[in-house]
Every structure is written in structure tokens, then in C-alpha cells.
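Okay, structure first, notes after.
The values are calculated or read from the model by the stated rules, or taken from the named source; none is laboratory data. If you're wondering where the values come from, they're calculated on a predicted model, not measured in any experiment. Glycine gets a Cβ as well: all are built from the backbone with ideal geometry, and neighbour counts include every protein chain shown. Just the protein is used for accessible areas: all its heavy atoms, side chains included, with ligands, DNA and RNA removed. Shrake-Rupley method; radii C 1.70, N 1.55, O 1.52, S 1.80 Å.
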Amino acid sequence: MEKTFAIDKKKIIIIAAIGVALIIAIILFATGIVGDLLGKWGILKIQPVEPKVTFYEYIPKGDGDVILLDDQLLIADQSGVSCFSVDGTWQWNKEINLKAPVFIPDGEEKTVLGDVGGNGIYGFNEDGLQWNYIIDREIVNISENTVNNQIIIIHDADNYLSAATLVDYSKEVKAIATRKFGQYYMISASMSQNGEQAAIVGITPESEETSTVIAFMDLPGYEFISTKTISNEFLPVASYVNGNNLFLAGGDSLRRVLEDSSYTKQNSVNDLLWGREGGSDTLVAAGNTDGKNFVTVSTVAGAEAGLEASSEVRLYASDGALKESFTCEGGIEAVKHYGKMIALYGENEVFVYNIYGQQIGKFDGVSQISDIEFISEKILVVCGTSKIAKVDFS
């Protein structure tokens with residue numbers, strides 16, 4: 001009896017171990033972890049798919065921008081803003097004379113529209129226009145994000161080279177403060193997602209070598225923390241990633257800057273993550289992905305030598321570590337990221353890859369592409385000068 005019991009006990013342990021292993025395997029497959037690992041190791045091969053394409057019955061008027069709010073698609077062009085359901089059904093429109101409209105995400109259900117070259121910013125949700133703010137100056141740019149119902153407008157100013165105004169739209173829409181700059185042309189801005197810090201980025205006046213200047217501001221007070229100059233580098237793209245890690249990108253270099261607001265500045269960082277260093281590649285696109293990573297695209301010029309253009313995609317963690325990199329075909333001008341997918345697009349083509357460099361598919365049915373927007377990981381909207389398409393790579 002004791003021997004039989006011992007054997008049964010071993011069987012129970014083995015069966016239990018197999019059961020646990022099966023449960024773990026099911027969880028790993030269900031959550032996509034196994035697929036991610038197989039894709040990262042190059043074991044799981046993905047064949048590019050031919051997308052299913054649906055064209056919206058809408059012709060943009062001039063360059064446009066698109067954004068997805070919940071299950072509604074907002075399209076802005078020089079005539080105003082139109083709203084469609086994701087299946088292409090028209091919902092509403094708001095006529096506004098716009099010069100160069102740019103949507104800035106504000107959560108999943110709101111957005112701020114800035115009119116670069118004009119003088120207004122506008123708050124929309126899926127039901128329509130909610131508020132607007134008109135400034136009596138020409139808008140040069142707006143911050144690449146919003147934080148706590150605040151946004152920064154960069155504009156011109158009398159007797160100064162440039163200015164930046166912090167606007168609050170939480171209740172009544174009002175300007176919190178304006179900071180003016182007599183020595184720099186400010187061109188971009190970003191706010192940290194934790195609401196602690198803002199960076200206003202510009203360049204020095206015309207000289208033999210252009211230098212980048214960053215004015216660090218505290219939030220919500222909008223007072224100066226410090227000013228940092230990076231000599232002989234033009235870094236117009238600025239984006240905070242995961243806290244106060246500021247990524248700065250330009251054609252020749254990529255930097256991560258961390259500005260310590262304390263008196264000692266002992267924790268400040270200024271790291272060069274990538275540099276051209278005399279090579280033929282040029283950084284042509286860069287952007288924040290999901291608040292936790294930063295993606296860049298550099299293109300190797302080959303047309304002059306009769307070679308086909310190729311691009312190198314790099315995904316960086318917030319601490320500056322290189323997480324992934326891969327090469328893709330074609331010349332790229334801009335990049336968008338959604339989940340584990342990266343969409344790269346040039347003038348007339350869109351390429352969709354996963355973050356491990358495997359191509360999901362490509363689309364070339366829209367010319368003069370001005371913007372794209374993900375609806376889900378494998379469905380996106382492509383906005384061109386003559387048509388708008390929903391492209392499904394499922």
C-alpha cells in the first residue's frame with residue numbers, strides 16, 4: 001500500500017506540473033508574450049499582407065491633419081474641421097478659415113487644434129467645437145502635447161525675437177503667462193507628462209553656426225528654471241519621454257537632456273545618443289511614441305549614386321538605451337507609432353512594421369501624404385492632398 005501511494009503521489013506531482021505548464025503557456029500565448037519573443041528572435045516569420053482599402057467621400061482642401069477621438073475621426077484642412085465615423089459616415093463639420101491646422105492629442109476624447117501661421121487654437125471633442133482662444137499674434141508653433149488642460153503657444157512679439165504663452169483651458173480659457181525672448185527664435189515646445197517641467201526650444205540668431213537653446217520652465221507656475229545652449233547643433237524636435245527626460249532631434253544628431261531643477265544641478269544630463277559624424281545618413285523623422293519611448297528614422301541618401309533609398313529605424317527607451325533597430329525600404333519623411341506597430345511614410349507611400357523590423361505591409365494609393373492616424377494596430381487612416389483612405393492590414 002505504501003508503494004502504491006508513493007507512485008500515485010509522483011503521478012499527481014507530474015500531472016500537476018504539466019497542468020501548471022499548460023496554464024502558463026496559455027497565458028503567454030494569450031498575452032502575446034510568446035509571439036513577441038518569437039518575433040524578436042526572428043523565429044516567427046510574418047508575410048506582408050495586401051491591405052483592404054476604403055476611401056472616404058471627402059477631398060481635403062489644402063494640407064490637412066487627422067486625429068482619432070474614441071470612435072470618431074476628425075479631419076482638419078484649410079476650410080475647417082469635419083467629423084466621420086471610422087467606417088466613413090459623415091457626422092458634422094465646423095467651418096473655420098485655417099492656414100496650417102495641427103491636431104494635438106488631449107486624452108482619448110479631446111483634442112486641441114492649433115492654426116500655425118494663423119492666430120487661434122480650438123478645443124474639440126467628438127461632438128464638435130467646445131472652446132477657442134484667439135491671440136493677436138501670428139502663431140509660430142504649439143507644444144507637441146498638452147498636460148493638465150494646458151498648452152504652450154509660440155508666437156511673435158513686438159520688440160522681441162519670439163514669445164511663448166501658456167494657455168489654460170480647464171474652466172475658462174485664459175493665458176497664464178507669456179515669456180518673451182530677445183535673443184532667441186523659439187520654434188518648438190514640450191511639457192513633461194508629470195506636469196513638472198516644460199521646455200521651449202529655439203535657435204540663436206543668424207550666425208556662421210546655428211546653436212540650439214532650451215529654456216526650461218517649471219509647471220504650473222511657468223517660471224524660468226534655467227537656459228541651456230547646445231553649440232553648433234540644430235535640434236528643432238523636442239519631446240519629453242517618461243518624466244523629465246527631454247529628447248532633442250535634428251538632422252545631424254539626437255540628444256537626451258535631463259535638467260535638474262535643484263541648485264546644484266548635479267543630476268543634469270546631456271547625452272549624445274546618435275550623431276551623423278560625417279556619414280551619409282540624415283535623421284529625417286523623430287517623435288514620442290507612447291510617452292515611454294522615442295523613435296527616430298534616418299535615411300541614407302543613395303539616389304545620386306543610382307542606389308535605392310533605405311532608412312534606419314531606431315526605438316529608444318526613456319533612459320536613452322537603444323531598444324530596437326531595423327532597416328526598411330524607401331525614403332521616409334515622417335513616423336507614427338501605435339502599440340507594437342510603427343508606420344513610416346514618405347510622399348506617396350506608407351510602410352507598416354512591427355517594432356522587430358518585420359513588415360506588415362505597404363500602401364501607395366494616396367499621393368502627397370500629409371498625415372496618417374492609427375485606428376488600431378493594423379488599421380490606419382492616410383490623409384493626402386486629393387483623397388483620404390482607411391487602410392486595413394488585418
Open item on the list: Once R0 is set to 25 Å, what does the formula 1/(1 + (r/R0)^6) return for the Cβ-Cβ distance between Glu377 and Ser85, expressed as a FRET efficiency to the nearest 0.05?
Closed with: 0.80
- [ ] Report ³J(HN,Hα) in whole Hz for each residue of the stretch 380-394, in order, from the Karplus equation J = 6.51 cos²θ - 1.76 cosθ + 1.60 where θ = phi - 60°; Gly and Pro get x.
- [x] 9, 10, 10, 10, x, 6, 10, 7, 10, 10, 9, 10, 10, 9, 5
Open item on the list: Rolling a 1.4 Å sphere over the protein heavy atoms, what is the accessible area per residue of the stretch 273-394, to the nearest Å²?
Closed with: 40 Å²
- [ ] Enter the accessible area of Phe55 (Å², nearest 10), with the probe set to 1.4 Å and all protein chains included.
- [x] 100 Å²
- [ ] Determine, from the Cβ-Cβ distance of Lys52 and Leu322 and an R0 of 30 Å, the FRET efficiency 1/(1 + (r/R0)^6), rounded to the nearest 0.05.
- [x] 0.30
Open item on the list: Can you give the FRET efficiency to the nearest 0.05 for Lys174 and Glu196, using r as the Cβ-Cβ distance and R₀ = 25 Å?
Closed with: 0.70
Task: Where the stretch 114-269 is the region considered: accessible area per residue in Å², 1.4 Å probe - done: 43 Å²
- [ ] Could you work out how far apart the two model spin labels at Asn348 and Glu333 are, taking each label as a point 7 Å from the Cα in the direction of the beta carbon, and quote it in nm?
- [x] 1.2 nm
Task: Greater than 29 Å apart at Cα, pairs in Lys94/Lys171; Lys180/Lys323; Lys180/Lys340; Lys174/Lys387; Lys99/Lys292 - done: Lys180/Lys323; Lys180/Lys340; Lys174/Lys387; Lys99/Lys292
Task: Whole-Hz couplings from phi, Karplus 6.51/-1.76/1.60, listed for the stretch 93-99; x for Gly and Pro - done: 8, 10, 7, 9, 7, 10, 9
Task: By accessible area with a 1.4 Å probe, ligands and nucleic acids excluded, highest first: order of Asp392, Asp77 - done: Asp392, Asp77
Task: Descending semi-axes in whole angstrom, ellipsoid equivalent of the stretch 94-188, from the Cα gyration tensor - done: 23, 14, 11
Open item on the list: As a test of reading the structure, rank Ser85, Ser325 by solvent-accessible area (1.4 Å probe, protein chains only), most first.
Closed with: Ser325, Ser85
TODO: Could you please state how large a percent of the accessible area of the stretch 61-183 is carbon and sulfur, counting protein chains only and using a 1.4 Å probe?
DONE: 39 percent
TODO: Could you tell me which trypsin sites (Lys or Arg not before Pro) in the stretch 120-190 are loop residues by DSSP with no more than 11 other beta carbons within 10 angstrom of their beta carbon?
DONE: Lys171
